[in-house]
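Have a look at the structure below before the remarks.
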Amino acid sequence: LWVARMVLMGEYNRGEIPFQEVFIHPKILDGFGETMSKSKGNGVDPLDVIDKFGADALRFGIAYLTTETQDVRMPVEFVCLHCDATVKQTKKNRVLPVVPCPSCSQPFSTQWAETDEEKSHGRAAVTSERFELGRNFCNKLWNASRFALTNLEGYEPEALAPGALRIEDRWLLSRLATVTKEVTEALGAYRYADAARTLYDFAWNEFCSFYVEMTKARFAEEDADKAVAQAVLAHGLDTLLRLLAPMTPFLTEEVWSLLGEVAPVRGLTRRGLPAAVPAAESVCVAEWPMANGTDIDPTIESQFAVFQEVLGAVREVRQGQSIPWSETLDFAIACDDATAALLEPMTPYFAQMAKATPTALGPALSAPDVAISKKVAGAEVHVDVSRFIDVEAETKRLEKEREQKLKFVESLEAKLGNEKFVANAPVEVVQQQRAKLDEARQALASIDASLAKLNK
């Protein structure tokens, strides 16, 4: 309003007041697509969200949802104060003074309760499931931080010798530099959702689920390699806390304080880079991290991106077939020579993180006779399940998947066979549809091959 008033008065045009940037945020709607308001009783109480999920979950959740001008739907829920069950808000119950809990049958009051009798049931909290993401994220980061703090006991900063960094160390440093650059640019442009989602993906999928898992074995030995792992882990956690501080200030401040006890002096001392320095007393006053361009390695980032997809496919097969972790899996990867060269050095990590061994790698290889196949970017993973598979159940699953894929192929063929669509649609849209059709046909052929082997 202040900006609008100044514009109308012409004071911006006279140059008397400096131009201020205006940040436009999305409108938050309820689960029915209606604007939240007190009169409708369909709003979320931030204090209730803090009580149920935590203050950091609220802040991070809001940042994650702030997708510029696109409206955001936020389903509203009551939380029964008797059994803590969540009750979905409907257009009917959101205006009732008293609502019976479907789980425990005990009534609770809402904002519309007026009489003493209605209020005697106790007011239910009003929250949304959308903030569970923030809570789960904070829990994940806290657990990973506890692991890091435990394994940083005895840490002493020292200069890293040339060649001391392992491949996973160089990958993490490259990703740290890339993520720092992306988050800094996103915050500078008020793209809070981009910053939050970049940090979420990096912290959850790369720092916690991959780097922390890959370095566990290195902390068991008292040698130089352990010292390197400690230095990189301390530096990685330090940088991540600085980047997350604006969105999760309470969690990052607590971890920062604990990190200062085991690693008061942090930083990677390498050739051409400054020596490790004492950490700031608080993450709130610590300097914003700077992206080190020399650490960015596109090749190693591509290498780990492919590795992550293949590993995810193997784990998905293990979980889908309920194969216990005590059993070792064999799998083959059909891919081109370039992808094979990227995956070859990652072989030991498959055994460490999925208890699986790649038996073949490269183009023109044949899948095992009884295998579950998964397509990933630039490769196809064939997991040998001959010792574990229920042939009848897997055949039914594949037949169902084939039916769905066949319908998808037929719908794309019909769309691309429509001359009006091909003539009037933008060229890039037509190309995307054709690429989808090619990919779907390849997937269908893979399913047919798997069914043929099972029937055989």
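The values are calculated or read from the model by the stated rules, or taken from the named source; none is laboratory data. The structure presented is a predicted model; accordingly, all values stated were derived computationally and were not measured. Here the Cβ is made from the backbone with ideal geometry for all residues, glycine too, and neighbour counts use every protein chain on show. Only protein heavy atoms, including side chains, enter the accessible area calculation; ligands, DNA and RNA are left aside. Shrake-Rupley method; radii C 1.70, N 1.55, O 1.52, S 1.80 Å.
For the range 267-287, the tally of residues that are modelled with pLDDT of 85 or more and either open to solvent by less than 80 Å² (accessible area, probe 1.4 Å) or touching a Pro at 6+ places or on another chain (Cβ under 8 Å) (or both) stands at 7.
Scanning the range 199-226 for residues that are under 20 Å from A57 (Cβ atoms), free of Cβ contacts under 8 Å to residues at least 60 places away in the same chain and surrounded by fewer than 20 Cβ atoms within 10 Å (Cβ to Cβ) yields D201, S209. Consider the range 245-257 and keep the residues that are in a helix (DSSP H, G or I) and in contact with a Phe, Trp or Tyr (Cβ under 8 Å, 6 or more places away or on another chain). The one that is farthest from L187 (Cα to Cα) is V255. Taking the numbered list (1) under 23 Å from E316 (Cα atoms); (2) in a helix (DSSP H, G or I) in turn, L437 passes all entries but (1). Residues of the range 186-235 that are outside any helix (DSSP H, G or I), charged (D, E, K, R) and more than 23 Å from A354 (Cα to Cα): R191, E222, D223. Kindly check whether there is at least one residue in the range 330-341 that is out of contact with any Gly (no Cβ under 6 Å at 6 or more places or on another chain), among the charged types (D, E, K, R), under 26 Å from K216 (Cβ atoms) and surrounded by 15 or more Cβ atoms within 10 Å (Cβ to Cβ). Yes.
On inspection, L365 does not qualify as modelled with pLDDT of 85 or more and either touching a helix residue (DSSP H, G or I) at 6+ places or on another chain (Cβ under 7 Å) or under 25 Å from R318 (Cα atoms) (or both). Picking from residues in the range 39-78 that are at pLDDT 90 or above, β-branched (V, I, T) and assigned to a loop (DSSP other than H, G, I, E, B), the one that is least open to solvent (accessible area, probe 1.4 Å) is V76. Criterion applied to V385, V376 was being open to solvent by less than 50 Å² (accessible area, probe 1.4 Å) and touching a helix residue (DSSP H, G or I) at 6+ places or on another chain (Cβ under 6 Å), and the one residue passing it is V376.
Taken over the range 180-198, the criterion of being open to solvent by 10 Å² or more (accessible area, probe 1.4 Å) and among the aliphatic types (A, V, I, L, M) is satisfied by L187, A189. For the range 5-38, residues that are more than 18 Å from T69 (Cβ to Cβ), exposed (fewer than 12 other Cβ atoms within 10 Å of the Cβ) and at pLDDT below 85 total 11.
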